[in-house]
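Asker: Take this structure first; my questions come after.
The values are calculated or read from the model by the stated rules, or taken from the named source; none is laboratory data. These numbers were taken from a predicted model, which means no experiment stands behind them. Note: ideal-geometry Cβ built from the backbone for every residue, glycine included; neighbour counts use all protein chains shown.
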Amino acid sequence: MPWNPEQYHKFQAERSAPFFDLLNLVKIRPNLKVIDLGCGTGELTRRLVDSLPNCEAVGLDQSEEMLRKASAHAGENLRFERGDQTQIEGAWDLIFSNAALQWSEDHRKLIPSLFGRLNEKGQLAVQVPSNHNHISQRILRETAGEEPFYSALNGFNRQPPVLPIDEYAEILFHCGAEEITVFEKIYPHVLENSEAVLEWIKGTALVPYLERLDSEKDAFLNVIRKKLSSALPGSPILYPFRRTFISAVKPRG
């Protein structure tokens with residue numbers, strides 16, 4: 001997908017807050033081999049690396065636009081590569097991902113696949129947005145199912161792959177994981193108005209829809225804008241954003 005780093009960073013402080021909560025779950029040890037899946041523009045990957053003594057790290061992302069920005073944060077112990085987060089190779093002491101796995105399908109297969117790439121005593125630590133039932137997301141999917149957009153999108157209407165938190169715990173249990181931690185947290189963002197909510201989702205959930213639209217793009221956004229204005233009147237508004245945190249450790253063989 002063609003990511004726009006500037007659009008994504010319009011709410012950089014709000015989007016960064018969950019990273020630090022995820023970082024607090026990481027077990028700090030020296031000399032870790034680390035991969036950050038969906039590293040984006042790289043500044044948070046650098047913060048992760050700087051918190052882990054003598055680690056060797058790779059930031060992985062599929063977006064050339066994001067990786068061009070990330071290159072400024074590369075160094076002796078951190079490099080950035082283009083790649084598919086579902087197809088990683090090698091063995092790792094820490095597989096970290098902040099707000100990226102929601103773009104990959106079938107988490108019932110993905111989580112065991114990632115867990116299988118851990119070294120003994122290695123840790124999986126990920127955070128995924130679980131805000132798909134918020135009115136903004138429901139309006140997006142509803143509008144994508146309406147004409148003329150349904151035809152313009154060739155029926156595309158993405159169903160979020162994020163699972164309930166108890167399912168992640170169950171999956172990790174069957175992987176033989178230890179120290180399983182799974183929880184959901186709500187971040188109570190205060191935004192100026194419904195237009196700010198639209199700007200937020202333009203940097204994330206709307207991306208795969210907008211890339212599939214041409215002449216209908218402005219009309220699509222305007223319909224969503226009107227629906228959001230009706231559903232979220234007033235100023236300021238509360239934008240409660242749910243996120244799921246997952247951490248587990250691979251036992252010794």
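Asker: Does region 76-115 hold any residues that are small (Gly, Ala, Ser) and either free of Cβ contacts under 8 Å to residues at least 12 places away in the same chain or in contact with a Gly (Cβ under 6 Å, 6 or more places away or on another chain) (or both), and which are they?
Answerer: Ser97, Ala100
Asker: Out of all the residues in region 216-253, which are closer than 30 Å to Glu120 by Cα and modelled with pLDDT under 95?
Answerer: Of everything in region 216-253, those that are closer than 30 Å to Glu120 by Cα and modelled with pLDDT under 95 turn out to be Arg252, Gly253.
Asker: Next question, about the same structure. Any chance region 125-137 includes a residue that's of a type in the set (S, T, N, Q) and farther than 28 Å from Ile224 by Cα?
Answerer: Going residue by residue through region 125-137, those that are of a type in the set (S, T, N, Q) are 127, 130-131, 133, 136-137.
Next, from what is left, pick out any that are farther than 28 Å from Ile224 by Cα: none.
The answer is no, given that none of the residues of region 125-137 is of a type in the set (S, T, N, Q) and farther than 28 Å from Ile224 by Cα.
Asker: Another question about this same structure. Search region 143-155 for residues being in contact (Cβ under 8 Å) with a residue 60 or more places away in the chain and not small (Gly, Ala, Ser), and hand back the single one that is surrounded by the most Cβ atoms within 10 Å (Cβ to Cβ).
Answerer: Phe149
Asker: Find all pairs meeting these conditions: Cβ atoms under 6 angstrom apart; at least six residues apart or on different chains; first residue within region 214-237 and in contact (Cβ under 8 Å) with a residue 12 or more places away in the chain; second residue part of a loop (DSSP other than H, G, I, E, B).
Answerer: Phe220/Leu213; Ser235/Glu192; Ser235/Asn193; Pro236/Glu192
Asker: Quick one: would you say Glu65 is at pLDDT below 95 and surrounded by 15 or more Cβ atoms within 10 Å (Cβ to Cβ)? It would help to see each step written out before you state the result.
Answerer: Details: at pLDDT below 95: yes; surrounded by 15 or more Cβ atoms within 10 Å (Cβ to Cβ): yes.
For Glu65, the condition - at pLDDT below 95 and surrounded by 15 or more Cβ atoms within 10 Å (Cβ to Cβ) - is met.
Asker: Among Ala177, Ala205, which is at pLDDT 95 or above and either farther than 18 Å from Ser130 by Cβ or buried (at least 19 other Cβ atoms within 10 Å of the Cβ) (or both)?
Answerer: Of Ala177, Ala205, the one residue that is at pLDDT 95 or above and either farther than 18 Å from Ser130 by Cβ or buried (at least 19 other Cβ atoms within 10 Å of the Cβ) (or both) is Ala177.
Asker: Looking at Ile135 and the list (1) aliphatic (A, V, I, L, M); (2) touching a helix residue (DSSP H, G or I) at 6+ places or on another chain (Cβ under 6 Å); (3) crowded, with 17+ Cβ neighbours inside 10 Å, which single condition is not satisfied?
Answerer: Here Ile135 meets the rest and fails (3).
Asker: For region 135-155, which residues satisfy the criterion of being in contact with a Pro (Cβ under 9 Å, 6 or more places away or on another chain) and within 16 Å of Asp218 (Cβ to Cβ)?
Answerer: None - no residue of region 135-155 is in contact with a Pro (Cβ under 9 Å, 6 or more places away or on another chain) and within 16 Å of Asp218 (Cβ to Cβ), so the list stays empty.
Asker: Pull up region 209-253, narrow it to residues that are part of a loop (DSSP other than H, G, I, E, B) and touching a helix residue (DSSP H, G or I) at 6+ places or on another chain (Cβ under 7 Å), then point me to the one that is surrounded by the most Cβ atoms within 10 Å (Cβ to Cβ).
Answerer: Lys250
Asker: Just to be sure I understand, how many residues within region 19-38 are assigned to a helix (DSSP H, G or I) and surrounded by 15 or more Cβ atoms within 10 Å (Cβ to Cβ)?
Answerer: Residues flagged as assigned to a helix (DSSP H, G or I) and surrounded by 15 or more Cβ atoms within 10 Å (Cβ to Cβ) within region 19-38 amount to 4.
Asker: Could you tell me how many of the residues in region 120-132 are surrounded by 15 or more Cβ atoms within 10 Å (Cβ to Cβ) and either at pLDDT below 95 or not aliphatic (A, V, I, L, M) (or both)?
Answerer: Total meeting the criteria: 7.
Asker: Looking at Glu170, Glu184, which one is within 28 Å of Ala125 (Cα to Cα), surrounded by 15 or more Cβ atoms within 10 Å (Cβ to Cβ) and among the acidic types (Asp, Glu)?
Answerer: Glu170
Here is a yes/no grid of residues against (1) in a loop (DSSP other than H, G, I, E, B); (2) at negative phi; (3) in contact with a helix residue (DSSP H, G or I) (Cβ under 9 Å, 6 or more places away or on another chain):
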residue: Leu94; (1), (2), (3): no, yes, yes
residue: Ser97; (1), (2), (3): no, yes, yes
residue: Ile139; (1), (2), (3): no, yes, yes
residue: Val162; (1), (2), (3): yes, yes, yes
residue: Glu170; (1), (2), (3): no, yes, no
residue: Leu198; (1), (2), (3): no, yes, yes
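Asker: Going through region 185-196 one residue at a time, which ones are in a helix (DSSP H, G or I) and of a type in the set (Ser, Thr, Tyr)?
Answerer: Residue satisfying the conditions is Ser194 alone.
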